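Each reported figure results from applying straightforward, stated rules to the coordinates on display, with no laboratory input. Nothing here was measured: the structure is a model prediction, and the numbers come from that model. Reconstructed Cβ throughout: ideal geometry from the backbone, glycine too, with neighbour counts over all protein chains shown.
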């Protein structure tokens, strides 16, 4: 078990019993609900309450940091950064992620940089029709970022 600097937060591997809360937390933030399997997740707890989750998703040889969610009342207290650091240690680098524009500054502070154009791993790109819908209809930009050694 990994403990971040805050004595109130503990990180642990998810168990099968955590699957319902993992799914609820992912859908509550409108994140991709596919490939949400408890075996891939780390859990942040405060007392007996789950306050954060994150996972490593595999796309062939590409490793993706995904489904990072922190309970709204715990944001800004280092829970997300602790989860990211533990997931990086678990998966190794390079580690990719996909996020919306509003999260780019956060991941930049954690050492990630944006990957542009043809340098983006094809295995991580959504199907063209979905990408078109997200960018043109929903007017959201999907950013792919990486942290390397």
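General observations
- Residue within the range 18-27 that is over 16 Å from the mean Cα position of the chain (by Cα), farther than 30 Å from residue 127 by Cβ, surrounded by fewer than 16 Cβ atoms within 10 Å (Cβ to Cβ) and without any contact (Cβ under 8 Å) to a residue 24 or more places away in the chain present: no
- Segments classed as strands (runs of 3 or more DSSP E), wholly inside the range 49-149, with at least 3 members that are in contact with a strand residue (DSSP E or B) (Cβ under 9 Å, 6 or more places away or on another chain) and under 19 Å from residue 38 (Cα atoms): 49-59, 62-70
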